[in-house]
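K.L.:
Can you read through this structure? Questions will come right after.
Laboratory data are not the source of any read-out in this text; all were calculated from the coordinates shown. A quick note: this is a predicted structure, and the numbers were derived from the prediction, not measured. Counting neighbours? That spans all protein chains shown, and the Cβs are built from the backbone with ideal geometry, glycine included.
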């Protein structure tokens, strides 16, 4: 029987820590699903454990752009990888995006990640967690993009190219008001 793994995140942008997260799960399974949260703007909600995650400036990249980022970053994985939306705020829709037999891998780096792991378990999902220390922050990367500072070292090279192809840095600067 094939072990199906699932990771998820906003990936705003998909950075090196996200890649390590996906690699951890890929090492534990035979097929990996990568769920992109906040894919549909109508599913974006406020979360007390991460109170700014719903704000537009923290979600500058569209689903199809993030899909391209993830696809580029995982291109060399040795197992099959499928990328799709995952409405973390809508448990009633989870079965439409991630099969119940999938093992959800959650890298717990902050309160919000623990909340997500608990939410998945409360809805009958199998969850494996590991605790780590944050080394890269999407917020910090976006802040550096907005300021015109170096940001590319924290993002896989393939993802840097994707972001440059659709001029994502300019969109971040516009949303952040040049902070």
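K.L.:
Applying 1/(1 + (r/R0)^6) with R0 = 30 Å to the Cβ-Cβ distance of residue 139 and residue 161, what FRET efficiency is obtained, to the nearest 0.05?
P.N.:
Working: r = 22 Å, r/R0 = 0.74.
Step by step, r from the Cβ atoms, then E = 0.85.
K.L.:
Could you work out how far apart the two model spin labels at residue 42 and residue 122 are, taking each label as a point 7 Å from the Cα in the direction of the beta carbon, and quote it in nm?
P.N.:
Those two pseudo-labels are separated by 2.4 nm.
K.L.:
Hey, for a label at residue 152 modelled as a point 7 Å past Cα toward Cβ, could you say which residues of the stretch 75-90 have their backbone N under 13 Å away?
P.N.:
In the stretch 75-90, the label zone of residue 152 (backbone N under 13 Å from the point 7 Å along Cα→Cβ) covers no residue.
K.L.:
Taking the 0 to 90 degree range and rounding to the nearest ten, how far is the long axis of helix 138-147 tilted relative to the main principal axis of the chain, both from C-alpha atoms?
P.N.:
The angle comes out at about 10 degrees.
K.L.:
Note down the relative contact order for the chain as a percent, whole number, built from C-alpha pairs under 8 angstrom at least six residues apart. Let's see the in-between values first.
P.N.:
Details: 287 pairs, mean separation 49.2, N = 179.
Result for the chain is 27 percent.
K.L.:
Per DSSP H run of n ≥ 4, the term is -39500 (n - 2.57); total these for the chain, divide by its residue number, and report the mean residue ellipticity at 222 nm rounded to 500 deg cm²/dmol.
P.N.:
Working: 6 runs with 64 residues, N = 179.
Computed ellipticity for the chain at 222 nm equals -10500 deg cm²/dmol.
K.L.:
May I pose another question? Between residue 93 and residue 16, how high is the FRET efficiency from 1/(1 + (r/R0)^6) when r is the Cβ-Cβ distance and R₀ = 30 Å? Nearest 0.05.
P.N.:
Details: r = 30 Å, r/R0 = 0.99.
The calculated FRET efficiency here is 0.50.
K.L.:
Sorting 128, 165 on the 10 Å Cβ count, fewest up front, what's the list? Could the numbers behind the result be given before it?
P.N.:
Numbers: 128 15, 165 11.
Lowest to highest Cβ neighbour count: 165, 128.
K.L.:
Then there's this: Can you tell me the convex hull volume per residue for the chain, based on C-alpha atoms, in Å³ to the nearest whole number? Let's see the in-between values first.
P.N.:
Working: hull volume 19.4 nm³, N = 179.
For the chain, the hull spanned by Cα atoms encloses 108 Å³ per residue.
K.L.:
Now for a different question. What three numbers, in Å, describe the spread of the alpha carbons of the stretch 75-179 along their principal axes, ordered from the longest?
P.N.:
Computed over the Cα atoms, the extents are 44, 31, 26 Å.
K.L.:
With a 10 Å radius around each residue's Cβ, average the other Cβ atoms per peptide and rank 88-95, 13-20, highest first. Mind showing how you got there, number by number?
P.N.:
On the way: 88-95: 15.8, 13-20: 22.2.
Listed from highest to lowest mean packing, they are 13-20, 88-95.
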